[in-house]
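The values are calculated or read from the model by the stated rules, or taken from the named source; none is laboratory data. These numbers were taken from a predicted model, which means no experiment stands behind them. Glycine also receives a Cβ, built like all others from the backbone with ideal geometry; neighbour counts cover every protein chain displayed. The accessibility values were calculated without ligands, DNA or RNA, using every heavy atom of the protein model including side chains. Shrake-Rupley method; radii C 1.70, N 1.55, O 1.52, S 1.80 Å.
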Amino acid sequence: MIYVVSDIHGRYDKWRKLLETIKPTWADTIYVLGDTIDRGPEGLRTLLDMAQRPNVVHLLGNHEFMLMSVLPTLLAQLTDELVDDLEQNDNTISMLANYMMNGGAATIDELSALNAIDREEIRAYILDMSLFEEFEVNGKSYLLVHAGLDNFAPEKALEEYGLHDFLWVRPDIRKRYYPDKTVVFGHTPTRVIRQTYGISPDRESIGEDGMIITDGMIAVDCGCGHGGPLGCLCLDTMERAYV
């Protein structure tokens, strides 16, 4: 079985409950579409758990990217020289402030409690994350990304897109990228998508926070980082699980 989940945002308790619900075997694969960290208190603990599971494939999300952007500063020894450098480098301060404002404070607190081995494992795990995955399930083609595809052109190869094209776009769920391929994405909570485009929950959903499945597009971020459920989709059966 192929499972897809996204935007866990520090909710290790939800992640563990999801595993208990879907009961994956080692023959199954769980694709995590990024943003496992930030906002919630145990994002790094969740990443460390995933890193020990060979059947979990984690894509890069914008929050993992933001952490890597500020990680050298966070791990540097706090000296008078570093303080002087920070005071003189507005870009570094701006990145730190932006990261904190977007839920990074919880991850910074968690990072400070980790030992050096776990910190290095987190760093290596994030650096190994891909920007997209493609495969077929039951004869249907799927493209998995964190946020969508910005600056899209149908003839454009995926390798030609920039990192930001995969991580920050807010796609229009009413459209589709490819006529023969379904794009599965997270990043934007489904409640926000429904409110933006006036989409009503379908009978297979759990309300405004349920996943959105259209012809060619599937949105799976159910707002776990904002008090909503954590949703998981099985691409083999199209069954949905919420915890």
Across the range 161-197, which residue is modelled with the lowest pLDDT among those that are open to solvent by 60 Å² or more (accessible area, probe 1.4 Å) and touching a Gly at 6+ places or on another chain (Cβ under 6 Å)?
Arg176
Need the failing condition index for Gly40 against (1) in contact (Cβ under 8 Å) with a residue 60 or more places away in the chain; (2) more than 19 Å from Leu230 (Cβ to Cβ); (3) not charged (D, E, K, R), just the number.
(2)
Does Leu114 satisfy the criteria of being modelled with pLDDT of 90 or more, over 28 Å from Ala219 (Cβ atoms) and in a loop (DSSP other than H, G, I, E, B)?
yes
When every residue in the range 142-160 that is more than 23 Å from Val220 (Cβ to Cβ) and among the small types (Gly, Ala, Ser) is compared, the one least open to solvent (accessible area, probe 1.4 Å) is Ala153
Can you find a residue that is in contact (Cβ under 8 Å) with a residue 24 or more places away in the chain and in contact with a Pro (Cβ under 6 Å, 6 or more places away or on another chain) anywhere in the range 148-161?
yes
Tally of residues being without any contact (Cβ under 8 Å) to a residue 24 or more places away in the chain, farther than 19 Å from Asp7 by Cβ and acidic (Asp, Glu) across the range 188-215
1
Selection count where residues are in contact (Cβ under 8 Å) with a residue 60 or more places away in the chain, of a type outside the set (Gly, Ala, Ser) and either more than 19 Å from Leu96 (Cα to Cα) or assigned to a loop (DSSP other than H, G, I, E, B) (or both), scope the range 56-70:
4
Among the candidates Ser200, Ser205, which residue alone is open to solvent by less than 60 Å² (accessible area, probe 1.4 Å) and more than 20 Å from Leu59 (Cα to Cα)?
Ser205
Being outside any helix (DSSP H, G or I), within 19 Å of Tyr12 (Cα to Cα) and at pLDDT 80 or above is the requirement here; does Arg53 meet it?
yes
Can we say Asp221 is open to solvent by 10 Å² or more (accessible area, probe 1.4 Å), at pLDDT 95 or above, closer than 13 Å to Pro189 by Cβ and among the acidic types (Asp, Glu)?
no
Could you check how many residues of the range 1-46 are among the hydroxyl-bearing types (Ser, Thr, Tyr) and not in a loop (DSSP other than H, G, I, E, B)?
6
